[in-house]
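Okay, structure first, notes after.
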Amino acid sequence: MSPCSRAVSVLWLGAVVFICADGDPEVRRTTPQHKPVRLFTDEDLARYNGEQEDQPIYMAVKGAVFDVSAGKEFYGKGAPYNALAGKDSTRAVAKMSLEPEDLISDTTGLTEEQLKSLDDIFENVYKKKYPIIGYTAQRILNEDGSPNPGFKPEDQPHFKIKDEF
């Protein structure tokens, strides 16, 4: 068999295996079709604060962790919004604040206008510009580490399927 016909046979065999595997529900069940959702603790998220040149820059809003590396000029080291990077800055986004006491996830006591602003910025800025790469563990787990029964994957932004956890 010539090298050319061997290559064609291998390609054809590969196509058959691919077609068969794609049609076999058992193979599909064992072959990952997506990346699992990543959970970030506060410590995990803090590692991606824009201070390291070789690291991506992450920030969380409403418990969704965004890769804001494409906005390095805004969130990178020395940039105007670097204070938001490496943490869940929900309150700061809602208040349009960079004050250290606002660089938290807690929305207690925010006005209706601030909450509306938060939702608008979340939907029309972060979700449109930056990929969600995970969620804060706080959003999914209770303080004792037990699952939060109020958390529903199907209600979360960018969840494609319900069994990602």
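For Gly50, what charge total do you get from the other residues with a beta carbon under 13 Å from its beta carbon, if Lys and Arg give +1 and Asp and Glu give -1?
Summing Lys/Arg as +1 and Asp/Glu as -1 gives -1.
Along the Cα→Cβ direction, 7 angstrom out, place labels at Asp42 and Leu141. What is the inter-label distance in nm?
1.4
Can you compute the FRET efficiency between Lys72 and Asn148 using 1/(1 + (r/R0)^6), with r the Cβ-Cβ distance and R0 = 25 Å? Round to the nearest 0.05.
Efficiency, rounded to the nearest 0.05: 0.15.
Of Lys77/Lys128; Lys62/Lys116; Lys77/Lys127; Lys72/Lys95; Lys95/Lys116, which ones are farther than 19 Å apart at the Cα?
Going by Cα-Cα distance, Lys77/Lys128; Lys77/Lys127; Lys72/Lys95 fall outside the 19 Å limit.
Please sort 99-110, 65-76 by packing, taking for each peptide the average over its residues of neighbouring beta carbons within 10 angstrom, highest first.
Packing proxy ranking, top to bottom: 65-76, 99-110.
So for Arg91, Arg38, what's the accessible-area order with a 1.4 Å probe, most first?
The residues order as Arg38, Arg91, largest area first.
Search the structure for amide H atoms under 5 Å from the amide H of Ile57, placed 1.01 Å from N in the peptide plane, and list their residues when 5 or more places away or on another chain.
Amide H neighbours of Ile57, under 5 Å, 5+ apart: Val68, Ser69.
For the pair Thr111 and Gln55, what calculated FRET efficiency results from E = 1/(1 + (r/R0)^6), where r is the Cβ-Cβ distance and R0 = 25 Å, to the nearest 0.05?
It comes to 0.10.
Rounded to whole Hz and in sequence order, give me ³J(HN,Hα) for the stretch 142-147 from the Karplus expression 6.51 cos²θ - 1.76 cosθ + 1.60, θ = phi - 60°, writing x for Gly and Pro.
6, 4, 7, x, 6, x
Going by Cα centres, the stretch 36-60 and the stretch 67-126 are how many Å apart?
15
The values are calculated or read from the model by the stated rules, or taken from the named source; none is laboratory data. Values in this document were obtained by computation on a predicted structure and should not be read as measured data. For neighbour counting, all protein chains shown are included, and Cβ atoms are generated from backbone atoms with ideal geometry for every residue, glycine included. The accessibility values were calculated without ligands, DNA or RNA, using every heavy atom of the protein model including side chains. Shrake-Rupley method; radii C 1.70, N 1.55, O 1.52, S 1.80 Å.
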